[in-house]
Amino acid sequence: MINSANPQATVAFYERHLGFRLSDTLTHPAMGNLMWFLRCNAWHHSLGITRAPHVALQHVSFEMRGLDEYMRGSGRLLRAGVEKVWGPGRHVAGDNTFSYFLDPHGNAVEYTTALERLDEDAWHPHLYDMNAIAVYYLEAASPRWWNWQTRRP
């Protein structure tokens with residue numbers, strides 16, 4: 001996931017020059033489109049772009065081989081005292097599990113599993129209204145998560 005001050009141009013670049021395809025978009029009635037999920041294969045997304053006031057790497061995601069590995073890995077980080085900023089949970093776009101942690105330098109890493117695979121011939125991008133899922137996204141997120149997600153590098 002990367003932050004972009006001009007996400008429409010960033011999405012267009014990846015579509016035009018690298019052949020990515022749009023899977024889904026998250027929007028909010030008062031704020032407009034906020035996140036775009038792009039794919040370069042049958043996985044729901046390989047790249048996400050978030051509208052933000054600054055360009056930055058938002059987070060890196062590590063796909064585990066299954067739920068057991070995801071839970072063991074998340075538990076290992078917690079036992080080691082690594083700061084968890086959000087999760088566990090399940091994303092709406094991509095239907096995958098998630099837990100987010102901060103490395104010693106404040107970079108966010110996501111442990112995930114079960115990312116949705118798409119039938120590319122039949123898939124049509126969704127426009128998810130974040131207002132309808134705001135309780136899930138905003139109440140599940142701690143103030144620490146929001147500060148991390150919107151901080152300036």
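Exposure proxy check: ILE49, ILE2 ranked by fewest other beta carbons within 10 Å?
Values: ILE49 27, ILE2 16.
The order, fewest Cβ neighbours first, is ILE2, ILE49.
Taking Cα pairs under 8 Å and at least six residues apart, what relative contact order does the chain come out at, in percent? Mind dumping the intermediate values first?
Values: 268 pairs, mean separation 38.4, N = 153.
The normalised contact order for the chain reaches 25 percent.
Counting alpha carbon pairs within less than 8 Å and at least 6 residues apart, what relative contact order, in whole percent, applies to region 44-105? Before the final figure, lay out the partial values.
On the way: 38 pairs, mean separation 16.1, N = 62.
Relative contact order here is 26 percent.
For the chain, what is the largest minus smallest coordinate of the Cα atoms on each principal axis, given in angstrom and ordered from greatest to least?
43, 33, 31 Å, listed from the longest principal axis down.
Going by alpha carbons, how many degrees (0 to 90, nearest 10) lie between the helix axis of 67-79 and the longest principal axis of the chain?
That works out to roughly 50 degrees.
Values in this text are rule-based calculations from the coordinates and carry no lab data. The structure displayed is predicted, hence computed values, not measured ones. With ideal geometry, Cβ positions are generated from the backbone for all residues, glycine too; neighbour counts draw on all protein chains shown.
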